[in-house]
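Written below as C-alpha cells is the structure these notes are about.
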Amino acid sequence: MNVSDAIKERTSIRAYLDKPVSETQLRDILDLARWAPSGGNLQPWRVHVVMGAGRDRLVATVKKAIVENPLANESEIAVYPPKLGEPWRTRRFEVGEDMYALLGIPRDDKPARIQHLMRNYEFFGAPVGLFFSLDRQFDKGQWAHLGMFMQTIALAAAEMGLATCMQEAWSARAKTVSAFLRLKDNEQLYCGMALGYADPSADVNKLRSSRAPVDDFAAFITE
C-alpha cells in the first residue's frame, strides 16, 4: 500500500472482528509512528496501550462509572466549540445523520442512538485501545504534533491491514481513564483510539464522510 492509498482508505471504523492483534504488531506500528513530525524534536506525545485483560478491565471500570453517574462530564477540553458556526455545524450534523441512517436508527429513537454512542466505551469491539496524553506544560503547538503522531499511527495501521477510529468520546470520562492509567498530575489525557480488524459485513463501516473541495479551503497566492 502506498501513502496515497493509505490516506484514502483510512476511515473511522466502528465495528471490528473478534480477531486479536499482537503486541508485536502494535510495537511495529509505534516504531514507525515515532518518526512523525515534531517541532523542535520534542516528541511530546505519550501513548498508553490497553489490550487483553487490561483492555477488559478498563472497559469494565468505565462502564461502572457510567452506571454510577451517567450524566458526569469529566472532560478538561472542549471537543467542539459551544457555538459551532457554519459550515462546520452542518458537516457535523450530516455525518452523524449518515451514520445513523446506515445503522437504521431514526432521529426520534434516542435510546438506540445513546446505545450506539456507548459502544465508544467498548472500542466498538476492537481488541486494542490506545490513549494519548501530553504534559500540561505544552500548548497548541505540541497538541498539533500529537495529532500528527496519531495520524501516522492510523496510516501505519492501514498499511498493515488494520483499522482505527479516533475517539474523542473518551474525553468525557477523562478522570476515570486517567486514574485507571495512573497518569501523573502533570499529564493530561486527550482521547482514545480503537484499533483492530474491520468487520467488512457491518453496515456502519460503509460510512464515508464527504470532504470539501480544495478551492473551499486553500488559497493560492501567485503574485
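A compact table of results
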read-out: R0 of 45 Å, Cβ-Cβ distance Asn41-Asp108: FRET efficiency to nearest 0.05; value: 0.30
read-out: Neighbour net charge for Ser38 - beta-carbon separation under 15 angstrom, K R +1, D E -1; value: +1
read-out: Contact order relative to length of the range 116-215, as percent, for alpha carbon pairs under 8 angstrom and 6 or more apart; value: 41 percent
read-out: The chain, relative contact order [Cα under 8 Å, separation at least 6], %; value: 39 percent
read-out: Protection-proxy order for peptides 130-140, 205-215, each taking the mean of Cβ atoms within 10 Å per residue, highest first; value: 130-140, 205-215
read-out: Listed residues Ala65, Ala158, Ala198, most fluctuating in the chain (Gaussian network, C-alpha, under 10 Å); value: Ala65
read-out: Net charge over other residues, Cβ less than 12 angstrom from the Cβ of Ala174 (K, R count +1; D, E count -1); value: -2
read-out: Fraction of accessible area attributable to carbon and sulfur, the chain (%, probe 1.4 Å); value: 53 percent
read-out: Rounded accessible area per residue of the chain, 1.4 Å, Å²; value: 61 Å²
read-out: Share of Cα-Cα pairs in the range 1-125 lying beyond 17 Å, as whole percent; value: 76 percent
read-out: Cα-based Rg of the range 159-223 normalised by 2.2 N^0.38 Å, two decimals; value: 1.72
read-out: Most mobile of Leu26, Leu102, Leu71 in a GNM of the chain (Cα contacts under 10 Å); value: Leu71
read-out: Top of Val47, Val95, Val62 by mean-square fluctuation, Gaussian network on the chain, Cα under 10 Å; value: Val95
read-out: Computed helical MRE - 222 nm, the chain, DSSP H runs ≥ 4 contributing -39500 (n - 2.57), nearest 500; value: -12500 deg cm²/dmol
read-out: Cβ-based net charge around Lys83, under 14 Å, with every Lys or Arg adding one and every Asp or Glu removing one; value: +1
read-out: Inverse mean reciprocal Cα-Cα distance (Kirkwood Rh) of the range 77-125, Å; value: 12.3 Å
read-out: Calculated FRET value between Ala72 and Asn2, using beta carbons and R₀ = 41 Å, to 0.05; value: 0.40
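The values are calculated or read from the model by the stated rules, or taken from the named source; none is laboratory data. Only a predicted model underlies this, so the values are computations on that prediction, with no experimental measurement involved. Reconstructed Cβ throughout: ideal geometry from the backbone, glycine too, with neighbour counts over all protein chains shown. Just so you know, the surface numbers come from the protein's heavy atoms only, side chains and all, with ligands and any DNA or RNA stripped out. Shrake-Rupley method; radii C 1.70, N 1.55, O 1.52, S 1.80 Å.
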